[in-house]
Ligand SMILES: [Cu+2]
């Protein structure tokens, strides 16, 4: 436990391996370095994607063409979607925090297949480059939206092939990461860490990994079919050749609904890690959270039809998909109740990670409840393809994954970089971001209910007022985001040295020095207690 | 050198291979769903189109793959029993059978091509929707399967060289075992493709 023991080993940031300089990072199989590689790549893409979002919001600040043509807008929402979904929120938390902290949390030296792990990052970068090349090569940028709906995806004259192939390649990266994590969790848990002594973030990664493994191949083959359709005219989804475009939608959503849980489960895992640490209380209902994680992963497979209520399906199918959608909301709600009960009578320390986690609860609940509005048949018909849907999934996906990511980075930053950030600026950034977020997306619920469709660069004059508010919210949110990111980047280089355990948390990653040594642990620890046993803490351990 | 690099876990490697096999099966699963939907929609056209395929070739290829699955399994047992020579012969036979399968596939595809039946061909488009879909699926599914045969052959070739250089031994044979598992997966996909395209008419 004592950090003098570790000091003889160099930490992972300064370690000099086989390769020097930047190659020591690009060819490192150290899970921590790979996590950092993902962090930097994902953040860069995120900044680009957020900027595209801002440009779209500026276009929508007034009716008519404001700063761009209709076709440019179509290209922007497509690229925004592809970047945000395939490059950021799907790999996001598992790739960054999963890679960095899964081995640390379960008391392992690395993931099960370190070289495969590095390969996954390389495949990720390859996929990203191929997808982004669609913007610069050949004809106009893709304009189908991130869903690549048939038959438009093989009729449009725009440069679809790189985008579709890029998404296919990114799927490989996702599958290999999932495979790696499953084997890691099965084989490399520290002695004494039984399944029910495993922290909840690894549990959520475990559920996620199974979805990555079992759902991603379906989108893989579907995207290949679109490629075949475009190049060989096979007729899978082309009605003029006998194919069925609705079948494409089925296959697409068979993956893409579970993909929502690839995004949100790890986010829930981070929140489950954080709340006990900042409430200084064991997590409430550990087993219920574990079971609900697995239930979400399982039921999530059978709800995809709720994206297609208006696309033509039988009444029976509509009823079944709607019912199952309501069913999958139950385990999510179970988690929310467990989190709230964890906070109840806790000794809550309001610090930056906790602020992000608490605001996660708020936006996630709004996102979840609005999901039920869309899952109900009658309201769905009214709200389908309106701004309401956009508001809903930004609350869930951006609100869920984004806030949890921010909570995670502010929680684990001291461990990852061995330095502390300025919490004053971090909290200011959070405040601006949170207010901007609500100002940006909340009006879109109302706009959608009033009938404003999504994916148009223009709208009727009566929607003007709320759109102005929404666009101003976007600027405020990005201003807050800039403060948060600049604060962290400054801290990564110049922050004060961080202690080993700044939050007084109990999980294993806090028992090693900050930043962790290359091999993580001198001796693999033996686990004797539950991960959140805050009752064993002495009062002196509870102080910062 | 970090401690992880010296870490060896054969059970873990095998679990990893099984998980990868799940993903491969699901990849084909997507095409099987599409096949099922279109067969249901175009039963008559699928019936007549299937009669166009060369059933003898299909049976021959099935036999080739079944034997190759047996030989790859035997090669593993041979390695475990320290009979390196025997194992080398058995892996080589497996590779040969795989190549023969591809040769047959090439002849079959070439024959269809010669009759003007290939994706997007004029002759095919004249035939009608059901035929377009049947042959589209035929080329896509057997094509993807052939690609997997090639990947399997590559893995087994690597295994062959490793057995030769004594890097796969009776105490460390997980690469050959995983290669064999992959080969069985390729085999079992064919076991489903064969009746769907050649037998159900
Ligand atoms: Cu969904």
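Quick notes on this structure:
- Rounded Å value of the spacing that divides the Cα centres of segment A:166-183 and segment B:4-46: 14
- Among B:148, B:115, B:47: highest mean-square fluctuation, GNM of chain B, C-alpha pairs under 10 Å: B:115
- Relative contact order computed over segment A:28-119 (Cα-Cα under 8 Å; 6+ residues apart), in percent: 50
- Efficiency of FRET between residue A:140 and residue A:44 - r from beta-carbon atoms, R0 30 angstrom, step 0.05: 0.80
- A convex hull fitted around the alpha carbon atoms of segment A:395-441 yields 56 Å³ per residue.
- With Cα atoms, 0 to 90° folded angle of helix A:31-59 axis to chain A main axis: 40
- Separation of alpha-carbon centers, segment B:122-149 and segment A:483-510, rounded to whole Å: 57
- Short to long, the 5 Å bins of the Cα pair-distance histogram for segment B:99-201 hold 2, 11, 17, 18, 15, 11, 8, 6, 5, 3, 2, 0 percent of all pairs.
- Counting every pair of alpha carbons in segment B:10-199, the share spaced more than 29 Å apart comes to 30 percent.
- The ranking of A:66, A:78 by Cβ neighbour count inside 10 Å, starting from the fewest, reads A:66, A:78.
- Under the criterion of Cα pairs below 8 Å and six or more residues apart, the relative contact order for segment B:10-199 equals 34 percent.
- A Förster radius of 35 Å, combined with the Cβ-Cβ distance separating residue A:51 from residue A:497, puts the computed FRET efficiency at roughly 0.55.
- Take the Cβ atoms of residue A:385 and residue B:48, set R0 to 30 Å, and the FRET efficiency comes out at 0.15.
- Helix B:10-41 axis, angle to chain B major axis (alpha carbon atoms, nearest 10°): 0
- Per-residue average of Cβ from other chains inside 10 Å of A:174-183: 4
- Cα-based shape type of segment A:361-520, given that a ≥ b ≥ c are square roots of the gyration tensor eigenvalues and the cut on a/c is 1.5: prolate
- Helices in chain A, meaning DSSP H runs of at least 4 residues, each add -39500 (n - 2.57). Divided by all residues, the mean residue ellipticity at 222 nm is -21000 deg cm²/dmol.
- When the alpha carbon gyration tensor of segment A:29-542 is reduced to an equivalent ellipsoid, its three semi-axes come out at 37, 25, 23 angstrom, largest first.
- Separation between Cα centres of segment A:219-260 and segment A:71-118, rounded to whole Å: 25
- Zone of residue B:82's modelled label, taken as backbone nitrogen in segment B:148-183 under 14 Å from a point 7 Å along Cα→Cβ: B:169-172
- In terms of other Cβ atoms within 10 Å, B:96, A:452 run from fewest to most in the order B:96, A:452.
- Chain A, relative contact order in percent, only Cα pairs under 8 angstrom and at least six apart counted: 19
- Mean ellipticity per residue at 222 nm, deg cm²/dmol - from DSSP H runs of n ≥ 4 across chain B, formula -39500 (n - 2.57): -28000 deg cm²/dmol
Bear in mind that the values in this text are calculations on the coordinates, not laboratory data. What you are looking at is a predicted structure, and each value in this text was computed from that prediction instead of being measured. Quick reminder, even Gly has a Cβ in these numbers, built from the backbone with ideal geometry, and neighbours come from all protein chains shown.
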